[in-house]
Every structure is written in C-alpha cells, then in structure tokens.
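K.L.:
If you scroll down you'll find the structure; I have some questions about it.
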Amino acid sequence: MAEFGFDPKKAVRHLRAADPALAEVIASVGPFAMELKSSRSLFGALAEAIVYQQLSNKAAATIYGRVEALFPRAKDGFTPRHILKASDDSLRGCGLSRAKVLAVRDLARRVHAGELPTLEECRLLTDDELVERLVTVRGIGRWSAEMFLMFRLGRPDVLPVDDYSLRKAYATAFRKRKLPSPEALAKAGEKWRPFRTVASWYLWQTLNK
C-alpha cells in the first residue's frame, strides 16, 4: 500500500490546535483513515481517472475492465502504445464516450511523446508545477489533478476548492447558511496549512454520517 509523505498523527494534532471548529469535526469522525491508491504509472492513474469521471464506481470499473480485456497480453496493464494502436470502435465498444476516447488518446500520445513526467518525476515536482503539467491533457482539469495529488501521491496540503461535496461539507460542519464560494473556502482553509488534504478528508467524512 502506498504511504503518505507526512505524519498523519502530526497533521491531526496541528489541525486540532489550529481550528477548534474543525477539532469538533475530527472528534466526531474519529481516527484519520484515508487510504492511498497505488499507481503503476502516471498514465495508468490518469487513464483510470478519465474513465471514472462522472460515473458510479461500479459502472466505471466495468468499463475499465473491458478496456483492460482488449489487451490480454498486457500483464502489467495497458500502455500508451496499446491505446494508440486500438481503434475508436473497439474503445467505444467498451463503453467509453466519444469525449473519453479522445481524452485517453490525448493522454497516451502525450505520455508516449515524453511530454508528461513519469510517476517518479511527479514526486519531485511541487503541487502547482504538477497541476500545471497535468491539466494540459484533454479531459484532465484542476480537480482531477488535485485528486491525483491527494489520493495517488499523498500530498499533505491540497484543498480542492472547486469540489462541490467539499464545499457542502464545509457549510454543514461550520453551520453556514449557504455554500462557500471557492474563494471563501480557500480563505477559510488558510488556517489548515500545511495539512489541508487531511482537513479535506475529515470534512468529506461528515457527508457519510
């Protein structure tokens, strides 16, 4: 299992001290139990992200499994070369929309051409540098890049202010009458630095209660 590049216990202690209101949320949710998703490559992680966009996990997993099945000899998962050689009809036949076929092809082309960093190189880039590189890919916006930073790389200080569920969770937890704007959430989250990823995870958990 992938590991965080920071001490979660230290992060929770910091957040408790920095924000009494968030401390109540932490007490209600319990121990920090966010899990990272292992990645075989940047391509594999982003290809999966594209497939899963705007679908339930069950539906997306089915479609992703069909794409994998197109390449039975790819024991370590399909590669950019596989996607570039596959026909549009075969990819669409797996359940991918036309937009997602274009997106996964663009991703494959960029990785194959060396335009994107490897997974190892990603770990050496700052959050902002990495987001800037990833959003050049068709179908990968800032939110998808931030999810990669949080749940694949375990970066400690990501606050996805455009995430609707996070804004909703903040409004509920902090008893706000309306959803905060992304700018307002960013301002409120300043006190959670340098562990805004952990704060975000705790807020998301309140939606499950």
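The values are calculated or read from the model by the stated rules, or taken from the named source; none is laboratory data. Remember, it's a predicted structure, so these values are computed and weren't measured experimentally. Note: ideal-geometry Cβ built from the backbone for every residue, glycine included; neighbour counts use all protein chains shown. In case anyone asks, the SASA skips ligands and DNA or RNA and just uses the protein heavy atoms, side chains included. Shrake-Rupley method; radii C 1.70, N 1.55, O 1.52, S 1.80 Å.
K.L.:
Can you name every residue in region 160-209 that is out of contact with any Phe, Trp or Tyr (no Cβ under 9 Å at 6 or more places or on another chain) and among the aromatic types (Phe, Trp, Tyr)?
P.N.:
Result: TYR164, TYR170, PHE174, TRP192, TRP204.
K.L.:
Considering only region 14-23, I want to know if a residue exists there that is surrounded by fewer than 19 Cβ atoms within 10 Å (Cβ to Cβ), assigned to a loop (DSSP other than H, G, I, E, B) and not charged (D, E, K, R).
P.N.:
no
K.L.:
Considering only residues that are free of Cβ contacts under 8 Å to residues at least 12 places away in the same chain and open to solvent by 60 Å² or more (accessible area, probe 1.4 Å), which ones fall in region 50-68?
P.N.:
GLN54, LEU55, SER56, ASN57, LYS58, GLU68
K.L.:
Continuing with this model, one more query. What's the total number of residues in region 137-169 that are open to solvent by 20 Å² or more (accessible area, probe 1.4 Å) and either among the charged types (D, E, K, R) or more than 10 Å from the chain's Cα centre (by Cα) (or both)?
P.N.:
Counting residues in region 137-169 that are open to solvent by 20 Å² or more (accessible area, probe 1.4 Å) and either among the charged types (D, E, K, R) or more than 10 Å from the chain's Cα centre (by Cα) (or both) gives 14.
K.L.:
So, restricting to helices (runs of 4 or more DSSP H) that lie completely within region 104-196, which ones have at least 3 residues that are hydroxyl-bearing (Ser, Thr, Tyr) and closer than 30 Å to LYS9 by Cβ?
P.N.:
The helices (runs of 4 or more DSSP H) meeting that bar are 164-173.
K.L.:
Condition (residue is buried (at least 22 other Cβ atoms within 10 Å of the Cβ) and within 19 Å of ALA21 (Cβ to Cβ)) applied to region 170-182: is it met by at least one residue?
P.N.:
Within region 170-182, one or more residues are buried (at least 22 other Cβ atoms within 10 Å of the Cβ) and within 19 Å of ALA21 (Cβ to Cβ).
K.L.:
Filter region 24-39 for residues that are crowded, with 16+ Cβ neighbours inside 10 Å and over 30 Å from GLU120 (Cα atoms) and give the result.
P.N.:
Passing the criteria: VAL25, ILE26, VAL29.
K.L.:
In addition: Quick one: which of LYS75, LYS9 is more than 30 Å from ALA188 (Cα to Cα) and open to solvent by 40 Å² or more (accessible area, probe 1.4 Å)?
P.N.:
LYS75
K.L.:
Does region 156-175 contain any residue that is at pLDDT below 95, of a type in the set (Gly, Ala, Ser) and touching a helix residue (DSSP H, G or I) at 6+ places or on another chain (Cβ under 6 Å)?
P.N.:
Yes, the conditions are met somewhere in region 156-175.
K.L.:
Return a yes/no flag: does region 61-84 have any residue that is within 16 Å of the chain's Cα centre (by Cα) and farther than 27 Å from GLU3 by Cβ.
P.N.:
No - not one qualifying residue is present in region 61-84.
K.L.:
Any idea how many residues of region 92-103 are touching a residue at least 40 places away in the same chain (Cβ under 8 Å) and not in a helix (DSSP H, G or I)?
P.N.:
1
K.L.:
Is region 13-25 home to any residue that is out of contact with any Pro (no Cβ under 7 Å at 6 or more places or on another chain), touching a residue at least 40 places away in the same chain (Cβ under 8 Å) and more than 23 Å from ASN208 (Cα to Cα)?
P.N.:
yes
K.L.:
Is one or more of the residues making up region 19-38 more than 30 Å from LEU207 (Cβ to Cβ), modelled with pLDDT of 95 or more and among the hydrophobic types (A, V, I, L, M, F, W, C)?
P.N.:
no
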